[in-house]
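A quick write-up on the structure given underneath.
The values are calculated or read from the model by the stated rules, or taken from the named source; none is laboratory data. Remember, it's a predicted structure, so these values are computed and weren't measured experimentally. Here the Cβ is made from the backbone with ideal geometry for all residues, glycine too, and neighbour counts use every protein chain on show. Side chains are part of the model used for accessible areas, which takes the heavy atoms of the whole protein and leaves out ligands, DNA and RNA. Shrake-Rupley method; radii C 1.70, N 1.55, O 1.52, S 1.80 Å.
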Amino acid sequence: MHKRVLIILVSATILIGLAVGAWILFTPADGPAPAPPTSEGLEFPTSAEDINWENREIFKSGLAESAVWALDELPRANTYYISLEIPQDLGSNLKGHQIVRYFNAENEDLTEIYFRLFPNFQGGQMTVSDLAVEGGATTTSYESNDTALRVDLENPLEPGESLVVEMDFTLGIPTNMGGNYGLFGYFEDVLVLDSFYPIIPAYDETGWYKQFPRQNGDLTYNDASFYIIQVEAPADLVLASSGVIVNQEIKAGIQTSLIASGPSRDFYLAGSREFVEISEQVGDTLVRVHTRPEYSVNQAYALDFGVNAIQILSEQVGPYPYTEFEIISSPMLALGMEYPGITSIVVDEFVEGVSLYGLPTEQMLESTLAHETGHMWFYNVVGNDQQNDPWVDEALVQYLTYIYYLERYGDGSGYVDSWNSRWSRVDFADIAIGMNAGNYQGQEYGAIVYGRGPLFFLELEKQYGLNMVMDAVRSYYQDNIWGIGYCEEIRAALEESCGCDLSAVFEEWVY
Ligand SMILES: [Zn+2]
């Protein structure tokens with residue numbers, strides 16, 4: 001996420017010759033369209049028995065060539081089949097059905113599994129019914145103020161074994177922004193569905209991630225999974241989501257869209273009747289920007305920033321894994337929010353010719369978009385415990401945003417000023433950057449994790465050089481691709497890269 005605070009930015013935002021290809025869903029005027037929809041072999045299963053869990057062909061069209069290997073190399077990744085019905089008015093109850101295969105990838109027996117019901121934290125209402133576990137009776141109970149559903153298993157699930165869980169769920173959709181930054185609900189003309197399905201969270205040495213969310217920090221801590229989602233929605237609702245639409249049929253004013261995404265850390269879906277789209281191809285990836293028609297000027301800026309961020313960070317960290325990267329505008333109480341293959345940016349940044357927090361909106365848009373694009377590598381491909389270890393992605397992505405400015409304009413000093421400006425809000429206090437999100441009080445979270453956090457990487461750059469830091473970032477990425485990274489892995493990568501002991505600097509900044 002990118003929190004709303006004053007940011008001082010580089011002044012040199014020079015945009016010359018924007019090559020913008022106008023593009024309307026499935027009728028390209030310029031540039032390639034996504035894989036053409038075809039219905040062959042893509043019937044959505046009505047029961048678990050119909051599913052061939054080993055067949056991952058459907059995910060191929062969403063993956064860049066450099067990322068296709070993951071289909072064979074993640075045999076224990078979870079797979080979700082979800083069907084979702086979105087009503088004509090978009091704001092009343094949504095109905096869902098989910099079939100998920102979960103693997104015990106841990107080293108111990110599991111006697112229960114959990115599902116996270118985050119809409120119950122985000123001002124919505126989520127209920128689960130008719131839950132059935134393959135091959136056994138089960139009992140369920142709600143925990144953590146209804147944000148977690150515990151499912152007790154009749155027989156323990158041994159390491160390497162899998163089971164299939166099937167359930168119905170309903171979603172009450174908030175229309176007043178509240179909960180967690182307004183990321184879930186129907187606001188103005190945009191339906192935003194952040195973590196809308198029952199999610200199996202990560203299990204680590206402390207057990208299941210089932211805590212009630214802390215006051216700061218993003219919500220999810222998931223294993224990379226595969227998602228096949230069927231959405232029934234009004235035909236005029238323009239969808240934006242993780243993954244790619246692999247099939248779409250329209251009958252009697254209703255669209256049935258089949259979306260495949262994976263591997264990915266989560267699945268995000270949004271839609272608006274007002275969205276218009278422009279797009280541009282960069283390498284294997286089509287960058288698509290959806291917003292309202294009156295925001296066409298900043299929409300073109302967003303496309304340019306997105307294309308450049310994908311290109312620069314692919315070169316600096318590793319190839320972007322998907323064939324699509326989507327950017328949408330939506331009303332929210334943050335500046336932007338990252339999801340796999342898609343980011344939602346606050347709609348205020350799309351209003352041309354005005355200033356926001358004292359800066360022109362296109363400058364705000366550039367820093368927010370570069371930051372959220374950085375999360376495609378750190379949060380999505382390499383996951384982390386966002387509540388208990390937030391600096392692991394946020395501070396690193398702040399540093400990558402500076403790398404974007406450095407590569408694009410030859411100068412990242414304006415963006416570095418924004419970190420100092422954030423840290424100044426707590427009088428440059430020596431507060432550790434590596435605490436859990438709930439341990440920061442008031443302004444400390446933004447000031448420390450987003451301000452002092454990237455300054456830690458800059459300090460290493462000053463001491464050991466930019467190549468030392470970026471070599472470590474690349475090896476941390478490669479070593480943890482589609483896995484989860486922790487503080488120790490970042491430290492190990494840095495120490496290996498510099499060939500030195502970083503105990504003192506970690507003590508000073510992180511712990
Ligand atoms: Zn962020």
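Here are some notes:
- Every listed requirement among (1) open to solvent by less than 10 Å² (accessible area, probe 1.4 Å); (2) within 22 Å of the chain's Cα centre (by Cα); (3) within 16 Å of the ligand (Cβ to nearest atom) is met by Asp389 save one, (1).
- Residue in region 412-431 that is small (Gly, Ala, Ser), open to solvent by less than 10 Å² (accessible area, probe 1.4 Å), within 14 Å of the ligand (Cβ to nearest atom) and modelled with pLDDT of 95 or more present: yes
- Residues (assigned to a strand (DSSP E or B) and in contact (Cβ under 8 Å) with a residue 40 or more places away in the chain) located in region 176-209: Phe184, Gly185, Tyr186, Phe187, Val190, Leu191, Val192, Leu193, Ile199, Tyr203, Asp204, Trp208
- Positions within region 304-323 being of a type in the set (Val, Ile, Thr) and either open to solvent by less than 20 Å² (accessible area, probe 1.4 Å) or farther than 17 Å from Ser242 by Cα (or both), in sequence order: Val307, Ile310, Ile312, Val317
- Conditions (1) over 22 Å from Tyr440 (Cα atoms); (2) more than 10 Å from the ligand (Cβ to nearest atom); (3) in contact with a Gly (Cβ under 8 Å, 6 or more places away or on another chain); number of the one not met by Asp348: (3)
- Scanning region 260-303 for residues that are over 20 Å from Phe378 (Cα atoms) and β-branched (Val, Ile, Thr) yields Val276, Ile278, Val282, Val289, Thr291, Val297.
- Inspection of region 210-219 identifies no residue that is assigned to a strand (DSSP E or B) and open to solvent by 10 Å² or more (accessible area, probe 1.4 Å).
- Looking across Glu154, Glu166, one residue alone is in contact with a strand residue (DSSP E or B) (Cβ under 6 Å, 6 or more places away or on another chain), surrounded by 15 or more Cβ atoms within 10 Å (Cβ to Cβ) and part of a strand (DSSP E or B). It is Glu166.
- Taking the conditions (1) over 17 Å from the mean Cα position of the chain (by Cα); (2) within 16 Å of the ligand (Cβ to nearest atom) in turn, Thr373 satisfies each one other than (1).
- Ser344 meets all of the listed conditions (1) under 17 Å from Gly182 (Cα atoms); (2) within 16 Å of the chain's Cα centre (by Cα); (3) surrounded by fewer than 24 Cβ atoms within 10 Å (Cβ to Cβ) but one, namely (3).
- Close pairs (8 angstrom Cβ cut-off, 6 or more residues apart or separate chains): aromatic (Phe, Trp, Tyr) in region 126-147, open to solvent by 50 Å² or more (accessible area, probe 1.4 Å) anywhere: Tyr142/Arg150
- Residue match in region 393-402 (condition: farther than 20 Å from Ile342 by Cα and more than 19 Å from the chain's Cα centre (by Cα)): yes
- Evaluation of Glu326 against (1) open to solvent by less than 10 Å² (accessible area, probe 1.4 Å); (2) within 16 Å of the ligand (Cβ to nearest atom); (3) out of contact with any helix residue (DSSP H, G or I) (no Cβ under 6 Å at 6 or more places or on another chain) (one fails), failing number: (2)
- Region 304-323: number of residues that are away from the ligand (no atom under 15 Å from the Cβ) and either in contact with a Phe, Trp or Tyr (Cβ under 7 Å, 6 or more places away or on another chain) or at pLDDT below 95 (or both): 6
- Region 93-121, subset of a type in the set (D, E, K, R) and open to solvent by 50 Å² or more (accessible area, probe 1.4 Å), residue nearest to Met177 (Cα to Cα): Lys95
- None of Leu131, Leu149, Leu171, Leu90 is touching a Phe, Trp or Tyr at 6+ places or on another chain (Cβ under 7 Å), surrounded by fewer than 21 Cβ atoms within 10 Å (Cβ to Cβ) and among the aliphatic types (A, V, I, L, M) except Leu90.
- Options Ala233, Ala260: the member that is more than 16 Å from the ligand (Cβ to nearest atom), in contact (Cβ under 8 Å) with a residue 60 or more places away in the chain, more than 24 Å from Leu149 (Cβ to Cβ) and under 18 Å from the mean Cα position of the chain (by Cα): Ala260
- Single unsatisfied condition, Leu365 versus (1) in contact with an Asp or Glu (Cβ under 6 Å, 6 or more places away or on another chain); (2) free of Cβ contacts under 8 Å to residues at least 12 places away in the same chain: (2)
- Residues in region 392-404 that are open to solvent by less than 10 Å² (accessible area, probe 1.4 Å) and more than 13 Å from the ligand (Cβ to nearest atom): Ile403, Tyr404.
- Of Leu359, Leu365, Leu333, all but one fail to be open to solvent by 10 Å² or more (accessible area, probe 1.4 Å) and within 16 Å of the ligand (Cβ to nearest atom); the exception is Leu333.
- With respect to the stated conditions, Leu333 is in contact (Cβ under 8 Å) with a residue 60 or more places away in the chain and out of contact with any helix residue (DSSP H, G or I) (no Cβ under 9 Å at 6 or more places or on another chain).
- Scoring Ala493 on the criteria (1) surrounded by 17 or more Cβ atoms within 10 Å (Cβ to Cβ); (2) in contact (Cβ under 8 Å) with a residue 24 or more places away in the chain; (3) of a type in the set (A, V, I, L, M, F, W, C) leaves a single failure, condition (2).
- Filtered residue count, region 179-225, keeping only those that are within 30 Å of Asp72 (Cα to Cα), of a type in the set (Phe, Trp, Tyr) and more than 15 Å from the chain's Cα centre (by Cα): 3
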